[in-house]
Amino acid sequence: DQQVKQNSPSLSVQEGRISILNCDYTNSMFDYFLWYKKYPAEGPTFLISISSIKDKNEDGRFTVFLNKSAKHLSLHIVPSQPGDSAVYFCAASAVLGDMRFGAGTRLTVKP
Amino acid sequence: DAGVTQSPTHLIKTRGQQVTLRCSPKSGHDTVSWYQQALGQGPQFIFQYYEEEERQRGNFPDRFSGHQFPNYSSELNVNALLLGDSALYLCASTWTADYGYTFGSGTRLTVV
């Protein structure tokens, strides 16, 4: 069951521009959402998260937006840098539950 | 402070064999989850261990089993290996009341 979906397998943006990565979920029990970044040969690294009681969370260049009514969240990276090039996974979790991951979006930031 | 450590990093097994993967959680973490990541896909939840018991399980057959030890370390066992079990196996740990998971670098299992 694909409870978390990332419909764009890849995204390419120019350095300095905004990167927007999208994620949709189906399970209304999810109450915590996370973005992970993954480089080849490494495990996923936590990037930013948001609780369902919020609709926005910022951390430096990274902002996550949550639209609960649409069951949609997005990750904005501004400005994008070449070092941001990686695979980004969206994950969702219910209280004390496991995380469900999307299939990932490969972001390429071109110099 | 070491993060999550997994061993071995790479493994090649023959179809039908059994394999054991190991995970040491991050210091202070008591909950361990295992994920399977096939090529081109996101991590798929296998199961979660807390207080030496399986607390939750994903949609994986009984060939996949696990164990958690009193020091919170964990093992993932897979019996009767199939070619389709070839994947990156990730271990993630957290403290039970926290949502944030820390991942290890994974074990790359190849079944031939």
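Throughout, read-outs are computed from the coordinates displayed, never taken from laboratory work. This is a predicted model, so every value here is computed, not measured. Here the Cβ positions follow ideal geometry from the backbone for every residue, glycine too, while neighbour counts run over all protein chains shown.
What to note about this one:
- Spatially close lysines, pair count over chain A: Cα under 21 Å, gap of eight or more or interchain: 13
- Rounded Å value of the spacing that divides the Cα centres of region B:33-80 and region A:40-64: 25
- Region A:4-110, dipole about Cα centre (Lys/Arg Cβ +1, Asp/Glu Cβ -1), debye to the nearest 20: 200
- Point-to-point label distance, A:K56-A:K110, nm (Cα→Cβ direction, 7 Å offset): 3.1
- Protection proxy ranking, highest mean first, for peptides B:22-29, A:60-67: B:22-29, A:60-67, where packing is the per-residue count of other beta-carbon atoms within 10 Å, averaged.
- Order of B:Y89, A:Y32, A:Y39 - criterion: other Cβ atoms within 10 Å of each residue's Cβ, fewest first: A:Y39, A:Y32, B:Y89
- FRET efficiency estimate (nearest 0.05) - Cβ-Cβ, A:A41 to B:N77, R0 25 angstrom: 0.55
- Potential extension, A:A70-A:D31 segment - 0.36 nm per residue separation minus Cα distance: 12.6 nm
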